[in-house]
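The values are calculated or read from the model by the stated rules, or taken from the named source; none is laboratory data. Every value quoted in this text rests on a predicted model; they were computed, and no experiment measured them. Because the Cβ atoms are built from the backbone with ideal geometry, glycine has one as well, and the counts that use them run over all protein chains shown.
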Amino acid sequence: MKKLTICLFLLSVVTLKGQGLTKSFMVAERTFEVPESWTAEPPSSRMRKAQYKNGETEIVVFYFGVGSGGSVDANINRWMGQFKEVKEKLSSEVKQKKFKSDVITTLFAKGTYMKGPPFGQKFEMPNYGMRATIIECEGGPIFIKMTGPVGEVVKLSGDFDKMARSGLMLKIDT
């Protein structure tokens, strides 16, 4: 009987994965849906609220609460400063949209990413891309950043954008 129960459990897990159902995480009372292909990882710092991996690409989520985390411009500039190239020579694009009471700002940049902790040793990662989003909302800004080889980041950008918008949908539909 015990073996049968284990087999049925494993079969149901395989069936759910085969249906492409999504995972989710919650930040600032918002639920974000994550593609099944993203592997959840334990956050590597206390500042990270969620962390995922897809291939060589890393997706991280930061949330500090109301009035914390810095301005949109400060964060965009800091993120672009994580590349070796100066801001003016960096292939980047920043867009902003309003959804009811939320404002979502997105950044796409590519170049030589300087990977490493904020105050630690950095490693040059040429041909890297970054897709990042800041969601300005009632509970405080939510920061979501994806970095990896530029080809992977471009390929995953649609899923990344869909994940970021999934946290807005609850607010838009209510």
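Could you check, for region 94-108, whether at least one of its residues is within 21 Å of residue 158 (Cβ to Cβ), touching a Leu at 6+ places or on another chain (Cβ under 7 Å), modelled with pLDDT under 95 and assigned to a strand (DSSP E or B)? Yes, there is a match, as at least one residue in region 94-108 is within 21 Å of residue 158 (Cβ to Cβ), touching a Leu at 6+ places or on another chain (Cβ under 7 Å), modelled with pLDDT under 95 and assigned to a strand (DSSP E or B). Residue 119 fulfils the conditions (1) closer than 21 Å to residue 72 by Cβ; (2) aromatic (Phe, Trp, Tyr); (3) free of Cβ contacts under 8 Å to residues at least 12 places away in the same chain except for a single criterion, (1). Pairs are defined by a Cβ separation below 6 Å, a sequence spacing of at least 6 or placement on different chains, a first member in region 40-66 that is in contact (Cβ under 8 Å) with a residue 12 or more places away in the chain and part of a strand (DSSP E or B), and a second member that is buried (at least 18 other Cβ atoms within 10 Å of the Cβ) and basic (Lys, Arg); the pairs so defined are 60/145; 61/49; 63/49.
For region 54-66, the criterion of being exposed (fewer than 13 other Cβ atoms within 10 Å of the Cβ), at pLDDT below 95 and of a type in the set (A, V, I, L, M, F, W, C) is met by at least one residue. Note on region 137-165: residues that are surrounded by 21 or more Cβ atoms within 10 Å (Cβ to Cβ) and part of a strand (DSSP E or B) total 6. All conditions but one from (1) in contact (Cβ under 8 Å) with a residue 60 or more places away in the chain; (2) under 17 Å from residue 149 (Cβ atoms) apply to residue 109; the one that does not is (1).
Residues 76, 134: which one is surrounded by 14 or more Cβ atoms within 10 Å (Cβ to Cβ) and assigned to a helix (DSSP H, G or I)? Steps first, answer last, please.
Numbers: 134 fails: assigned to a helix (DSSP H, G or I).
Of the residues listed, the single one that is surrounded by 14 or more Cβ atoms within 10 Å (Cβ to Cβ) and assigned to a helix (DSSP H, G or I) is 76.
Note on region 1-53: residues that are under 19 Å from residue 158 (Cβ atoms) and at pLDDT below 50 total 2.
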